[in-house]
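Here the structure comes first, spelled out in C-alpha cells, and everything after it is commentary.
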C-alpha cells in the first residue's frame, strides 16, 4: 500500500492543519522495551529478574489494554518491582510525527522509526458497521518500504529500507487503540480496534519473526484478545513462508493476486516469476488444509486491484474463475488509486460491476472495496514509505515512464 502525497510534507503540515501530535517521543535508551515482548518473552524477562511468571500477564494488561506506560501507575505491582522496572525497562511506542482524522471516520498516523527522512511508515484505521456492530479495521505496516516492486504500488517504487521490530509493529496498534481512549479514565478503557490486517507497507512474510510475534500479541487475551479470524496477513505470494506460517500461528490469510495468469502477474507482481500461480494456489490449499482451521482458515481472501484495460476484461474474470475453482475464496475487488507517474488508470465502475457479477454468478463471494479516507490520502494503495529513496528505484522508474511516453509521442508524430 502507498500514498501519492509525501510523508515528509504531511509531517511538516501537521501544525498548519491544527493536528495535535501525540507525545510518543522515541529515545535511544538501552532499556528493554516491553511493548513488543510476547507473553513467553515477558515471562522469561521476569524470571531472569527473580520474579514470578504471572507478572508478565499483569504488565501486559497495563500496557496493551489500559495504555499505561509509566510503571509507577501499575498499582497491582509491588513498589519494589516498579522501581526495578524503571531502571531496566520502558514501554516505548514509535514516535508519531503526524496524525489526521478524516471526516468519514478514517484515521491515519505517520510514525518515525529511525533516523532520516525515509524512516517513516504509515498506519490507517478504517471504521465500518457490520452485522457484529461497529468494526474498526487497522491496516498495519511491517517494513519501511518494500523490496517486491509491484508495478502498481508506489511503496515499491521507494525501495526497501529495513524491517520493523515487534515494538514498532504492535506499537501501531497500541497508538490506534489508545487514540479512542485519551480522555477515558484508565479503569474504563477497552480494546477498541476490532480487526487488524497486515496489509500496510512491506511484505509481512519477509519480516517473519517480528510479524508473528506481533500477531501473537494481538491474539493474546492478556493483550488485545482478538479472534483468529479478525487478524489477517496479506502476502504477495512468498510460497515457502506461507507453509511456515501455517505451522507457526493460526490467522487468516489474504493473497495479493491482481492477475489470473502468469504472464500478466509476472508484470504486475514480479515475485510471481519465482513462485508462479500454480505453486501459490497449492500453498493456499495447504494452508486451508492445516489442522485447527475451524475459524480462520475456512477460505483465502483474494485481493484484486482493478486496472483499466489491464486485468479487468471479461476473459480475465473467466481465467480467475478457472484459477480459483478448487480454492475456497472470498474475492475483494479494489479500485486502483492512482499516484504520480502511475502507468495505470482505475477501471470504470461499470467494468468493475460486470467483473463482480461474473464472479458472483459463479458462486464466489465477491465484494468491491469502498474507497475511504481520500481527503487524508489514506485510500487503499496510497500508503507510501517516502522519500529517501536509497535504491534510486523511484527515480529510475519515473525516467522509464517518461521515456515510454516520449516514445509514444514520437511514434504518433511519425
Quiz item: Using the 10 angstrom Cβ neighbour count as an exposure proxy, how do 344, 224 rank, fewest first?
Solution: 344, 224
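Fewest first, what order do 364, 336 take by the number of other Cβ atoms within 10 Å? It would help to have the intermediate numbers written out before the result.
Working: 364 19, 336 23.
So the residues, fewest neighbours to most, are 364, 336.
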Quiz item: Taking Cα centroids, how far is the range 201-251 from the range 322-366 in Å?
Solution: 25 Å
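So for 201, 353, 37, fewest C-beta neighbours within 10 Å to most, what's the order?
So the residues, fewest neighbours to most, are 353, 37, 201.
Bear in mind these aren't lab numbers, they're just calculated from the coordinates by the rules spelled out. Computed from a prediction, not measured in an experiment: that's the story for all the values here. Quick reminder, even Gly has a Cβ in these numbers, built from the backbone with ideal geometry, and neighbours come from all protein chains shown.
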